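S.K.: Right, I'll just put the structure down here and ask away after.
The values are calculated or read from the model by the stated rules, or taken from the named source; none is laboratory data. Given the structure is predicted, the values throughout are model-derived calculations rather than measurements. Note: ideal-geometry Cβ built from the backbone for every residue, glycine included; neighbour counts use all protein chains shown.
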Amino acid sequence: MSSAHYQALEPQTSDEDNEDIERRQCNSRSCTASATTTTTTTASHPPHPMVRKGGVARRRCLVPLVAGALFFVAFCYLTLSGDTRLALGLGGGAEDSEELSHHGLDGMNFRPLNETVHICSESYEDRRQFMQDKPQSEYGQLPVIYFVTPTYPRREQIPELTRLAHTLLHVPRLHWLVADDQEKCNGFMDTLLHRFGIPFTHMVSPMPSKFRNEKPAPRGVANRRAALQWLRQHNLTNGILYFGDDDNTYDLRLFSEIRKTQRVSMFPVGLIADYGVSGPVVRKGKVVAFLDSWVAGRRWPVDMAGFAVSLEYMAQYPYVNMPYKPGYEEDLFLRSIGLQMNLIEPRGNNCTEILVWHTQTKSKKLGMVRLESKYLDDRSNLGALLHNLKLMGVASTTESEGRDALISKNGKEKPHSKILS
Ligand code: UGA
Ligand code: MN
């Protein structure tokens, strides 16, 4: 999350959330939600076994329910390990439960991901011979970095991915998971990814249509979820997961830093929101708090690019998830893997250096070139060039809209027929 454009988490509409909101009214001084403004809806998925059921009836059978719940909680605490309790969202200690309930976010009910993963193409072959002046063979023992890039079609997509690839080309032992936010596989992108020679998996995972028109929309979430599903399906318990958006700028030292990750690494991200930075506060080598201009109840107020997770650690959490909650993706993901403050490994010289920048590319709408289609043949380069630009989603041709394309010679506009016939 990078900006203050997001609203603090709204009261949710499930029955379970009513309970959260009630608790917030009773227990928290800063709580603003009103129980009367919420409605009850039915979740589209079967509830997690831990989800409390109820409604109006709940109040009538409060006593047996409370007794049952108490018994259940006691049972869980006695029988489950600390990690499992965290994975189930039951909290891991006094500090944990206090902070979570304070912001009404502890009711998030994480479920195992159940995404459809549609692979367009993939390659496990590393065709790079040298990386950073060393032959590939010298890197054989390093854990693999699974670099997850959500991306979406717009005119800047191919240039962004090209620039990012040229960074990743220097990084040994990396598998690039490129998850495109669209229905259909883009063949042009397949060719591009193959050409780089970096091991990759190209998948499509469109944002569900119900979120498309929301403001803000959960950007890059469907794609990251699909990538998480892919990691799960491959039962990977060795390696490092990093979420690397297509428009950020990555320092090569980032990769050697995150490769050391035992559980969860964190480090500052430059160019975030009002402070121009977001990241951990470190004292005596330990993360103790966070500096970020937008807190909004987030326990882990960090940017997506500001952490890395070891797959061995993540594998312990069957309910790993990234809910569709704009602004809260990082926080809820980190909660779903039971993160605790004392597990965080500060990187980048104890979080004093910037290894990743939240650069943003100015976006413009598709270019439009007005040119008669009879000239889009091989008499000139323009047919093939404009065809390629169309495949890349950069520019389109039209015969009727706007002004005729300017074609000039010696500083003077020339009729298309003069140059192209
Ligand atoms: C910030 C964070 O850095 C993102 O990690 C976070 O997902 C995002 O905010 C958010 O919370 O919405 P920001 O630069 O504001 O990022 O967002 P974008 O760069 O536009 O999008 C983040 C990623 O999602 C990019 O890799 C982008 O290609 C992808 N995306 C964006 C989609 O896949 N679909 C979209 O409709 C928009
Ligand atoms: Mn971005």
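S.K.: Would you check which residues across the range 248-259 are within 16 Å of ligand 2 (Cβ to nearest atom) and of a type in the set (S, T, N, Q) and list them?
M.R.: Asn248, Thr249
S.K.: Next up: Give me the pairs: first residue in the range 384-396 and closer than 14 Å to Leu161 by Cβ, second residue outside any helix (DSSP H, G or I), beta-carbon distance under 7 Å, and six or more apart or on different chains, which are they?
M.R.: Within 7 Å, the pairs are Gly393/Pro153; Gly393/Arg154; Gly393/Arg155; Val394/Arg155; Val394/Gly367.
S.K.: Inside the range 302-319, can you point out the residues that are in contact with a strand residue (DSSP E or B) (Cβ under 9 Å, 6 or more places away or on another chain) and closer than 13 Å to Tyr146 by Cβ?
M.R.: Filtering the range 302-319 for residues in contact with a strand residue (DSSP E or B) (Cβ under 9 Å, 6 or more places away or on another chain) gives 302-311, 313-314.
Of everything in the range 302-319, those that are in contact with a strand residue (DSSP E or B) (Cβ under 9 Å, 6 or more places away or on another chain) and closer than 13 Å to Tyr146 by Cβ turn out to be Ala308, Val309, Ser310, Leu311, Met314.
S.K.: Yes or no: Thr237 of a type in the set (S, T, N, Q), in a loop (DSSP other than H, G, I, E, B) and either in contact with a strand residue (DSSP E or B) (Cβ under 7 Å, 6 or more places away or on another chain) or away from ligand 2 (no atom under 16 Å from the Cβ) (or both)?
M.R.: On the way: of a type in the set (S, T, N, Q): yes; in a loop (DSSP other than H, G, I, E, B): yes; either in contact with a strand residue (DSSP E or B) (Cβ under 7 Å, 6 or more places away or on another chain) or away from ligand 2 (no atom under 16 Å from the Cβ) (or both): yes.
Criteria met by Thr237.
S.K.: Let me ask you something else. For the range 342-351, give me each residue that is in contact with a Pro (Cβ under 8 Å, 6 or more places away or on another chain) and at negative phi. Can you show your working first?
M.R.: Taking the range 342-351 as the starting set, the residues that turn out to be in contact with a Pro (Cβ under 8 Å, 6 or more places away or on another chain) are 344, 346, 348, 351.
Residues satisfying the conditions are Ile344, Pro346.
S.K.: Applying the selection to the range 292-311, what residues are away from ligand 1 (no atom under 15 Å from the Cβ) and either touching an Asp or Glu at 6+ places or on another chain (Cβ under 8 Å) or part of a helix (DSSP H, G or I) (or both)?
M.R.: Those that are away from ligand 1 (no atom under 15 Å from the Cβ) and either touching an Asp or Glu at 6+ places or on another chain (Cβ under 8 Å) or part of a helix (DSSP H, G or I) (or both): Arg299, Leu311.
S.K.: Between Arg163, Arg225, which is in contact (Cβ under 8 Å) with a residue 40 or more places away in the chain, assigned by TED's automatic domain parsing to the domain that holds Glu125 and not β-branched (Val, Ile, Thr)? Write out each step before concluding.
M.R.: Working: Arg163 fails: in contact (Cβ under 8 Å) with a residue 40 or more places away in the chain.
Being in contact (Cβ under 8 Å) with a residue 40 or more places away in the chain, assigned by TED's automatic domain parsing to the domain that holds Glu125 and not β-branched (Val, Ile, Thr) holds for just one of Arg163, Arg225, which is Arg225.
S.K.: OK, next. Among the residues that make up the range 289-298, is at least one of them at pLDDT 95 or above and closer than 21 Å to Val320 by Cα?
M.R.: If we filter the range 289-298 for residues that are at pLDDT 95 or above, which is where we start, we get 289-298.
Okay, now just the ones that are also closer than 21 Å to Val320 by Cα, so 297-298.
Yes, because at least one residue in the range 289-298 is at pLDDT 95 or above and closer than 21 Å to Val320 by Cα.
S.K.: Just for the range 354-406: of the residues that are touching a His at 6+ places or on another chain (Cβ under 8 Å) and not hydroxyl-bearing (Ser, Thr, Tyr), which one is farthest from ligand 2 (Cβ to nearest atom)?
M.R.: At the first step, the residues of the range 354-406 found to be touching a His at 6+ places or on another chain (Cβ under 8 Å) are 371-372, 375-376, 404-405.
Remaining after also requiring not hydroxyl-bearing (Ser, Thr, Tyr): 371-372, 376, 404-405.
Working: Leu371: 33, Glu372: 39, Leu376: 34, Asp404: 36, Ala405: 32 Å.
Across the range 354-406, the extreme among qualifying residues is Glu372.
Here's the yes/no breakdown for (1) touching a residue at least 24 places away in the same chain (Cβ under 8 Å); (2) within 16 Å of ligand 2 (Cβ to nearest atom); (3) within 16 Å of Glu115 (Cα to Cα):
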| site | (1), (2), (3) |
| --- | --- |
| Asp181 | yes, yes, yes |
| Asp246 | yes, yes, no |
| Thr261 | yes, no, no |
| Gly270 | yes, yes, no |
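S.K.: Considering only the range 362-421, how many residues are among the β-branched types (Val, Ile, Thr) and farther than 28 Å from Met189 by Cα? Please lay out each step first, then the result.
M.R.: From the range 362-421, those among the β-branched types (Val, Ile, Thr) are 369, 394, 397-398, 407, 419; that's our starting set.
With the extra rule that they be farther than 28 Å from Met189 by Cα, the set shrinks to 407, 419.
Final tally of qualifying residues: 2.
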